[in-house]
Amino acid sequence: MPAEQSSDRGRSEQPGAAGSPGMAGSANGSVRPVASGAALPGAGTSSAGIRLKGVGKRFGNVVALRGIDFEIERHSRIGIVGPSGGGKSTLLHIVSGLMEPDAGEVDVEGATSAKDRLARCAMMPQRDLLLPWRTALDNAIIALENRGVSRKEARAQTRPYFERFGLDQFENVRPAQLSGGMRQRVSFMRTLVAGKDVLLLDEPFGALDSITRAQMQEWLLRALSELPRTVLLVTHDVEEALLLSRTVVVMSARPGRVVRTLAADFPTDASRREIVTSREFVDLKEQALEAIG
Ligand code: ADP
């Protein structure tokens, strides 16, 4: 049985969970964001997802982050955008539990210590980091093997994802024989089958060419809409953040602060092209770019 089926059995869906919304405002041909499942800073949420309050971090004299506040419900998606050097990766490392902040509070689905946060999060890095000597399937099972699952069992749990992600027939192929987009799909699969409820995506398509990147964004939007996970996406690409997230947090240049929070959450059954060309999307993109400055 795939980890997806076993790990999520019995969990309730959040209202407005991905996959449920239809295309809002289609009568006049527009595509607008549906009701957001995320809360703006300061608002209370019914179900704990990720919550940061007054988070700050400095490296020596460099203030990387100052007074970061935001929260999202469990199984919602948040995108963090901002200029390079504005503390996005630092924020991701703090949420993941790889690092503690100097100030403020971090709560990831009830976990507050770095060790407990680490146990709840799976990270997908910018570069796929697939092991060249392992097949695609054996790359995808690494997190399960690290947890002590036998190779046979891990393969059985992971194999169904190859068909689901359009990679059937590629289980026994080595990474060098896969395209960039396929490698990122294997990398995403590896993150997913780790069985964690929180997925942290760090510039997941940063290394891809623009056409493959657009295709992968559309693919990921569909994949995430079918998978109940809490997602934090870090990207310098405003369009990517708006497309894939329900809430977009715009950060300033260093020291990184939240300068704008935007509700995105476009319908997952609309095509990428329909969404990015809609007036609502273009308006939000302008607002985000203006906030970045
Ligand atoms: P972004 O991901 O938005 O590009 P980063 O979080 O990587 O920004 O970095 C924010 C700032 O903190 C930068 O000025 C960077 O040089 C500094 N920084 C990040 N990590 C460290 C570190 N481990 N030691 C010293 N400075 C760091």
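FYI, it's all coordinate maths here, none of it is from the lab. Computed from a prediction, not measured in an experiment: that's the story for all the values here. Because the Cβ atoms are built from the backbone with ideal geometry, glycine has one as well, and the counts that use them run over all protein chains shown.
Given R₀ = 51 Å, what would the calculated FRET efficiency be for Asp269 paired with Lys53, taking r from the Cβ atoms and rounding to 0.05? Before the final figure, lay out each step's value.
On the way: r = 35 Å, r/R0 = 0.68.
According to the calculation, E is roughly 0.90.
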* Residues Asp168, Asp128, sorted so that the one with the fewest Cβ neighbours within 10 Å comes first -> Asp168, Asp128
* **Hydrodynamic radius (Kirkwood) for region 211-284, which is based on Cα pairs only, to one decimal in Å** => 13.1
* Assuming R0 = 30 Å, what is the FRET efficiency of Asp209 and Thr277, from their Cβ-Cβ distance, to the nearest 0.05? -> 0.90
* To do: Bin all alpha-carbon pair distances of region 129-195 at 10 Å intervals from 0 and give each bin's fraction as a whole percent.
  => 24, 62, 14, 0
* **All-pairs Cα distance distribution in region 83-195, expressed in whole percent, bin size 10 Å** => 14, 38, 28, 18, 3
* To do: Run down the aspartates and glutamates and flag those whose C-alpha is under 15 Å from the C-alpha of Lys152, throwing out any fewer than 8 positions away in its chain.
  => Asp138, Glu171
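Using a 10 Å cut-off on Cβ atoms, rank the peptides 69-82, 111-124 from the highest mean neighbour count down. Before the final figure, lay out each step's value.
Details: 69-82: 25.1, 111-124: 16.8.
Going by the mean number of other Cβ atoms within 10 Å, highest first, we get 69-82, 111-124.
As an exercise, use a Förster radius of 41 Å and the Cβ-Cβ distance of Arg260 and Arg134 to find the FRET efficiency, rounded to the nearest 0.05. It would help to have the intermediate numbers written out before the result.
Details: r = 42 Å, r/R0 = 1.03.
It comes out at approximately 0.45.
At a 10 Å Cβ-Cβ cut-off, how would you order Trp133, Trp219, fewest neighbours first? Before the final figure, lay out the partial values.
Working: Trp133 10, Trp219 18.
Result, fewest neighbours first: Trp133, Trp219.
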* To do: Please give, to one decimal in nm, the separation of the simple spin-label points placed at His236 and Arg174, each 7 Å out from Cα toward the Cβ.
  => 3.3
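Going from the alpha-carbon gyration tensor of region 136-235, what semi-axes, largest first and in whole Å, does one get by taking the root of 5 times each eigenvalue?
Numbers: eigenvalues 90, 56, 27 Å².
Gyration-tensor ellipsoid for region 136-235: 21, 17, 12 Å.
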* Asked: Straight-line reach from Lys285: which lysines have Cα under 25 Å away, leaving out those fewer than 8 places along the same chain?
  -> Lys88
* Asked: Ordered by residue, what ³J(HN,Hα) values in Hz, to whole numbers, does region 189-197 give under the Karplus form 6.51 cos²θ - 1.76 cosθ + 1.60, where θ = phi - 60° and Gly and Pro are x?
  -> 4, 4, 5, 5, 6, 4, x, 8, 7
* For region 255-266, in order, what is each residue's ³J(HN,Hα) by Karplus, 6.51 cos²θ - 1.76 cosθ + 1.60 with θ = phi - 60°, in whole Hz (x at glycine and Pro)? -> x, x, 10, 7, 9, 7, 10, 10, 8, 9, 6, 7
* So how far, in whole Å, is the C-alpha centre of region 125-190 from the one of region 196-245? -> 18
